[in-house]
Amino acid sequence: MATLILLRHGRTTANASGVLAGWTPETHLDDTGRTQASAMAESISAATTPVRLVTSPLVRCRETAAPLAERTGLAPEEHDGIGECHYGAWTGRPLVELAKEPLWKDVQEAPSAVTFPASDAFKHESMRDMQRRAVETVRGIDAEVEQAHGASATWVAVSHGDVIKAVLADALGTPLDDFQRIVASPASVSIVRYTSSRPFVLLMNHTHGGLRDVLTHQATSGSDATVGGSRGVTDTASGQRN
């Protein structure tokens with residue numbers, strides 16, 4: 001099968017302020033995020049020539065995809081299937097508040113049983129449904145890419161932390177209840193190659209900062225994973241660099 005590059009969006013204003021952005025419509029990259037997106041576009045385009053560029057419809061992913069589209073000449077394709085998890089009533093709330101909710105423990109320890117609370121303003125879904133639609137989407141597009149361009153083709157999906165972690169957990173054969181063990185930092189790249197018998201995970205959580213970013217996270221993060229994915233900044237409320 002073809003090779004999938006999973007690119008998480010760069011750091012956002014919500015990441016910097018410790019808010020769970022979810023599907024809020026105007027969450028943009030901050031200055032750091034724009035720099036990260038440009039750097040990863042350069043890195044990806046120097047390493048390969050992707051044949052498709054698919055992005056979550058949310059603006060932070062479209063902004064992350066833009067530098068890569070400019071370098072490759074590809075037109076970004078928006079797809080709800082790799083859009084952010086629908087967090088319902090958790091959307092737009094500070095992480096420090098959410099960490100006090102009883103559901104937070106389930107998100108950490110038993111995400112396969114979690115359905116986010118309903119909201120009048122935002123859709124909600126279970127984490128299992130989020131994983132199912134994301135995996136179905138990337139596997140379906142991957143098959144299309146191979147059929148159209150051959151088994152050596154590479155394509156890019158620009159998505160979100162929890163979505164990418166869920167796709168990686170599936171590729172690794174890891175239960176969803178253990179997916180919080182995976183880290184997907186802002187503007188990080190993970191690579192999966194699907195085959196007829198099994199997926200191969202070639203790379204996870206590679207950032208332009210390389211080992212320095214990874215080792216800093218290892219040294220300063222706590223035991224809880226941040227809902228939505230690591231923030232790329234120090235979380236003064238929880239003591240995490242997420």
Would you check if GLU144 is over 20 Å from PHE179 (Cβ atoms) and surrounded by fewer than 17 Cβ atoms within 10 Å (Cβ to Cβ)? yes
Which ones in the range 3-30 are more than 21 Å from LYS123 (Cα to Cα) and among the charged types (D, E, K, R)? ARG8, ARG11, ASP30
From the residues in the range 130-170 that are among the aliphatic types (A, V, I, L, M) and outside any helix (DSSP H, G or I), which one is farthest from ASN205 (Cα to Cα)? ALA151
Taking only pairs six or more apart or across chains, which ones have beta-carbon atoms under 9 Å, a first residue in the range 192-209 that is on the phi > 0 side of the Ramachandran plot, and a second residue that is of a type outside the set (Ser, Thr, Tyr) and in a strand (DSSP E or B)? ASN205/ARG8; ASN205/VAL189
Flag if LEU74 is open to solvent by less than 10 Å² (accessible area, probe 1.4 Å) and of a type outside the set (Ser, Thr, Tyr): no
Which of the helices (runs of 4 or more DSSP H) contained wholly in the range 26-125 include at least 3 residues that are within 12 Å of VAL158 (Cβ to Cβ) and touching a residue at least 40 places away in the same chain (Cβ under 8 Å)? 31-47, 59-72
Those residues of the range 126-160 that are farther than 25 Å from ALA65 by Cα and over 17 Å from the mean Cα position of the chain (by Cα) come to a total of 0
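The values are calculated or read from the model by the stated rules, or taken from the named source; none is laboratory data. Quick caveat, the model's predicted, so the values are computed rather than measured. Neighbour counts are summed over all protein chains in view; Cβ atoms, including those assigned to glycine, are modelled from backbone coordinates with ideal geometry. To get the accessible areas, we keep the full protein, side chains included, count just its heavy atoms, and leave off ligands, DNA and RNA. Shrake-Rupley method; radii C 1.70, N 1.55, O 1.52, S 1.80 Å.
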